[in-house]
1. Identify the residue in the range 125-137 that is touching a Cys at 6+ places or on another chain (Cβ under 9 Å) and surrounded by 14 or more Cβ atoms within 10 Å (Cβ to Cβ) and, among all such residues, is farthest from residue 155 (Cα to Cα).
2. Among the residues of the range 64-85, which ones are more than 30 Å from residue 4 (Cβ to Cβ) and either surrounded by fewer than 17 Cβ atoms within 10 Å (Cβ to Cβ) or in contact with a Phe, Trp or Tyr (Cβ under 6 Å, 6 or more places away or on another chain) (or both)?
3. Tally time: how many residues in the range 58-82 are free of Cβ contacts under 8 Å to residues at least 24 places away in the same chain and of a type in the set (Lys, Arg)?
4. Among the numbered criteria (1) surrounded by 17 or more Cβ atoms within 10 Å (Cβ to Cβ); (2) modelled with pLDDT under 90; (3) in contact with a strand residue (DSSP E or B) (Cβ under 6 Å, 6 or more places away or on another chain), which one does residue 175 miss?
5. Can you pull out every residue in the range 28-61 that is among the aliphatic types (A, V, I, L, M), over 30 Å from residue 100 (Cβ atoms) and surrounded by fewer than 18 Cβ atoms within 10 Å (Cβ to Cβ)?
6. Return the pairs, sorted by first residue and then second, in which the second residue is open to solvent by 40 Å² or more (accessible area, probe 1.4 Å) and at pLDDT below 90, the first residue lies in the range 97-110 and is closer than 11 Å to residue 78 by Cβ, the beta carbons are less than 7 Å apart, and the residues are 6+ apart or on different chains.
7. Just to be sure before I move on: is residue 142 within 20 Å of residue 59 (Cα to Cα) and open to solvent by 80 Å² or more (accessible area, probe 1.4 Å) in the structure I sent?
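The values are calculated or read from the model by the stated rules, or taken from the named source; none is laboratory data. None of the values given here were measured: they were computed from a predicted structure. Every residue, glycine among them, receives a Cβ derived from its backbone with ideal geometry; neighbour counts consider all protein chains shown. Accessible surface areas use protein heavy atoms only, side chains included; no ligands, DNA or RNA. Shrake-Rupley method; radii C 1.70, N 1.55, O 1.52, S 1.80 Å.
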Amino acid sequence: GGSLMLINFNIERLDKLLYDFYHVTGITVSIWDSQINQLSFQPKEMRSFCRAIRSSKKGEQLCLQSDRALCMECGKTGKAVSRYCHAGLIDTAVPIKFKDTILGYMMFGQIADKPSASARPALEKLSEDLGLDCDYLHSLYDELETHDAEKIESIANILKMATRYLWLSEYIKIGYD
């Protein structure tokens, strides 16, 4: 029949899980529902680089667009997807699935994959676009985590396993009306 799936996210428990993930990896992580609303994130203190970019209205819009586009691509493929955000950092989204239904997404990232010297031209363009100081942005870029593609894929694989248990262990409750 036309029964509607009711999905209830236990934000408190999910937040603790995200905290543990962040605590171990040092990598920013968030959880989103299927409508691409952010439900929770860790760490609560945003990366300085990202905070600087979001201090510009245009920067903030571009960040939101990057996040949405990543989740939408993940939703289409039903698989983990990694891509560069507008500011040149790597973000990865992992779908949270129940059978064939996507309940939401786990996203991790804000990861740099190149030394700041080779990121300089992109940072110059970015700072010009957003009206920010390039040297300042550059120094904040230097503080970011740097990981290679292989490490990112390994993290995605572990999160993929974790997402399969979210509804079994009642981080997410599923009912039908």
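1. So the residue we want is 127.
2. The first filter runs over the range 64-85 and keeps only residues more than 30 Å from residue 4 (Cβ to Cβ), leaving 66, 82-85.
Listed by number, the residues that qualify are 83, 84.
3. 2
4. Tallying (1) surrounded by 17 or more Cβ atoms within 10 Å (Cβ to Cβ); (2) modelled with pLDDT under 90; (3) in contact with a strand residue (DSSP E or B) (Cβ under 6 Å, 6 or more places away or on another chain), residue 175 fails exactly one: (1).
5. First, pick out the residues of the range 28-61 that are among the aliphatic types (A, V, I, L, M): 29, 31, 36, 39, 46, 52-53.
Now restrict to residues that are over 30 Å from residue 100 (Cβ atoms): 46, 52-53.
Answer for the range 28-61, where residues must be among the aliphatic types (A, V, I, L, M), over 30 Å from residue 100 (Cβ atoms) and surrounded by fewer than 18 Cβ atoms within 10 Å (Cβ to Cβ): just 46.
6. Short answer, once both residue conditions are applied: 101/5.
7. Yes: the conditions hold for residue 142.
Condition check ((1) farther than 23 Å from residue 46 by Cα; (2) touching a His at 6+ places or on another chain (Cβ under 8 Å); (3) of a type in the set (S, T, N, Q)) across all residues:
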site: 77; (1), (2), (3): yes, no, yes
site: 96; (1), (2), (3): yes, no, no
site: 110; (1), (2), (3): no, no, yes
site: 129; (1), (2), (3): no, no, no
site: 140; (1), (2), (3): no, no, no
site: 144; (1), (2), (3): no, no, no
site: 152; (1), (2), (3): no, no, no
site: 160; (1), (2), (3): yes, no, no
site: 171; (1), (2), (3): yes, no, no
